[in-house]
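Trainee: Structure provided below as structure tokens; questions to follow.
The values are calculated or read from the model by the stated rules, or taken from the named source; none is laboratory data. Fair warning: this is a prediction, and the values are worked out from it, not measured in the lab. Positions of Cβ are backbone-derived with ideal geometry, glycine not excepted, and every protein chain shown enters the neighbour counts. Ligands, DNA and RNA are excluded from the accessible area calculation, which covers all protein heavy atoms including side chains. Shrake-Rupley method; radii C 1.70, N 1.55, O 1.52, S 1.80 Å.
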Amino acid sequence: MTVIEADGVESMPLEVDGLSMGPGQRYSVIVTAHKSDEFNYIYNVTSYSRFITKEEGLRPIVYTGLIKYKDDAPTKTIPVVSDNQLVWPEEAQLQAYDKQPRLPVDRQIELT
């Protein structure tokens, strides 16, 4: 998939296999479909949490969906791969689409 926006800021396209997201983070992505409608595909989305320990059958949570091209097409399962085989983006890899420099930090707020 291709990341094209992060938290409301358009970015230069970045090819990734997965996204690591925190609470409140938003990404817009483009997922390129197969050119053939020969098969329908079952896919998995795994939800991890760094602060909650893994527990077999409960965490991580796996969501399953179906990409349906045709009613009568056979269904294939997209293979599940290990996380260390995936390409994960780092925030620093994303570049603003308009290529404007970041605004300087020139204010400070103190809360007492």
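Trainee: Quick one: which residues, 5 or more positions from Lys76 or on another chain, have an amide H under 5 Å from its amide H? H modelled 1.01 Å from N in the peptide plane, none for Pro or chain starts.
Mentor: The list, which skips near neighbours in sequence, is Asn40, Tyr41, Ile42.
Trainee: With the dipole of the chain worked out from charges on the C-beta (+1 for Lys and Arg, -1 for Asp and Glu) around the Cα centre, which of Thr77, Ile30, Gln108 lies farthest toward the positive end?
Mentor: Thr77
Trainee: Here are labelled values, (i) 16.7; (ii) 18.9; (iii) 17.3, and one is the computed Kirkwood radius over Cα pairs in Å for what I pasted. Which one?
Mentor: Matching the structure shown: (iii).
Trainee: Just give me a number: lysine pairs in the chain, eight or more positions apart or cross-chain, with C-alpha atoms less than 16 Å apart. Kindly include the intermediate steps, with their values, before the conclusion.
Mentor: Numbers: Lys35/Lys68; Lys35/Lys70; Lys35/Lys76; Lys68/Lys76.
Taking the Cα cut-off of 16 Å, the pair count is 4.
Trainee: At 1.4 Å probe size, with every protein chain present, just tell me what the per residue accessible area of the chain comes to in Å². Present the calculation step by step, with values, prior to reporting the outcome.
Mentor: Details: 9740 Å² over 112 residues.
With the other protein chains kept in place, the chain gives 87 Å² per residue.
Trainee: How do Asp72, Asp83 rank by accessible surface area computed with a 1.4 Å probe, from largest to smallest?
Mentor: Details: Asp72 130, Asp83 55 Å².
Result, largest first: Asp72, Asp83.
Trainee: With a 1.4 Å probe and all protein chains left in place, how much of the accessible area of the chain comes from carbon and sulfur atoms, in whole percent? Could the numbers behind the result be given before it?
Mentor: Details: 5230 of 9740 Å².
Percent of accessible area from carbon and sulfur atoms in the chain: 54.
Trainee: Leaving ligands, DNA and RNA out of it, rank Thr112, Thr46 by accessible area with a 1.4 Å probe, largest first. The partial results should precede the final answer.
Mentor: Values: Thr112 175, Thr46 55 Å².
Solvent-accessible surface, decreasing: Thr112, Thr46.
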